[in-house]
1. Tell me, which residue of the stretch 114-129 that is modelled with pLDDT under 95 and either assigned to a strand (DSSP E or B) or among the polar types (S, T, N, Q) (or both) is nearest to TYR83 (Cα to Cα)?
2. Here are the criteria: (1) farther than 29 Å from GLN149 by Cβ; (2) outside any helix (DSSP H, G or I); (3) modelled with pLDDT of 95 or more. Tell me which single one SER60 does not satisfy.
3. Any chance the stretch 135-149 includes a residue that's in contact with a helix residue (DSSP H, G or I) (Cβ under 9 Å, 6 or more places away or on another chain) and modelled with pLDDT under 95?
4. When you go through (1) part of a helix (DSSP H, G or I); (2) modelled with pLDDT of 95 or more; (3) under 17 Å from GLU101 (Cα atoms) one by one for SER38, which number turns out not to apply?
5. Taking the condition of a type in the set (Lys, Arg), farther than 22 Å from LEU30 by Cβ and free of Cβ contacts under 8 Å to residues at least 40 places away in the same chain, does ARG119 pass?
6. Which of (1) in a helix (DSSP H, G or I); (2) under 25 Å from GLY21 (Cβ atoms); (3) not acidic (Asp, Glu) is the odd one out, the single condition GLN111 does not satisfy?
7. Any idea which of (1) acidic (Asp, Glu); (2) touching a residue at least 12 places away in the same chain (Cβ under 8 Å); (3) more than 24 Å from GLN149 (Cβ to Cβ); (4) surrounded by fewer than 16 Cβ atoms within 10 Å (Cβ to Cβ) is the one GLU101 doesn't satisfy?
8. Of the conditions (1) in a loop (DSSP other than H, G, I, E, B); (2) closer than 16 Å to LEU131 by Cβ; (3) at pLDDT 95 or above, TYR88 clears all except one; give me its number.
Amino acid sequence: MVEPEIPQNTGNIARTCAATGAKLHLVHPLGFKIDDKSLKRAGLDYWDKVEIEEHDSFESFLEKHNPEDTNMFFATTKGKHIYCEPNYEDMDEVFLLFGKETKGLPEDILQKYIDKTIRIPMRPTLRSLNLSNSVNIVLYEVYRQKGFQGLEEISSYFG
């Protein structure tokens, strides 16, 4: 999450990360405080179950996790590829970057890594989907391609 602004979205995303075991990277500045009540409420009692790594800036994040050396994908409504096109199955570690709710990811970064941009298809008359919904859609596609590895299967509930 690059500079997220709405605490409820980040709380919902943290809950999804806890449920899937995905690490949540938070890139500052944030539009809220980590101890914000609405953030905690959205994540409920999942905060101790999610691994969070914070970064002082987008530049420091990109220095630590170089897009050219990692399986990094930039989610944007202008993405070159549909989110399910990349073959995530054989990738050990996948980074899914989502920008702030009002502006998305920086345009210069999207242009620089245009071949690593992904999008969720939708009607052209709407601006975008809700951020936490978008994260869920793309993250679960990665897990689907990996056979939901590490996640409980429904068959265990029904014998």
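1. Applying the filter and picking the extreme gives SER128.
2. Every condition holds for SER60 apart from (2).
3. Among the residues of the stretch 135-149, at least one is in contact with a helix residue (DSSP H, G or I) (Cβ under 9 Å, 6 or more places away or on another chain) and modelled with pLDDT under 95, which makes the answer yes.
4. Of (1) part of a helix (DSSP H, G or I); (2) modelled with pLDDT of 95 or more; (3) under 17 Å from GLU101 (Cα atoms), only one is false for SER38: (2).
5. On the way: of a type in the set (Lys, Arg): yes; farther than 22 Å from LEU30 by Cβ: yes; free of Cβ contacts under 8 Å to residues at least 40 places away in the same chain: no.
No; evaluated as a whole, the condition is false for this residue.
6. (2)
7. (4)
8. Failed condition: (2).
The values are calculated or read from the model by the stated rules, or taken from the named source; none is laboratory data. Remember, predicted model here, so these are calculated numbers, not experimental data. With ideal geometry, Cβ positions are generated from the backbone for all residues, glycine too; neighbour counts draw on all protein chains shown.
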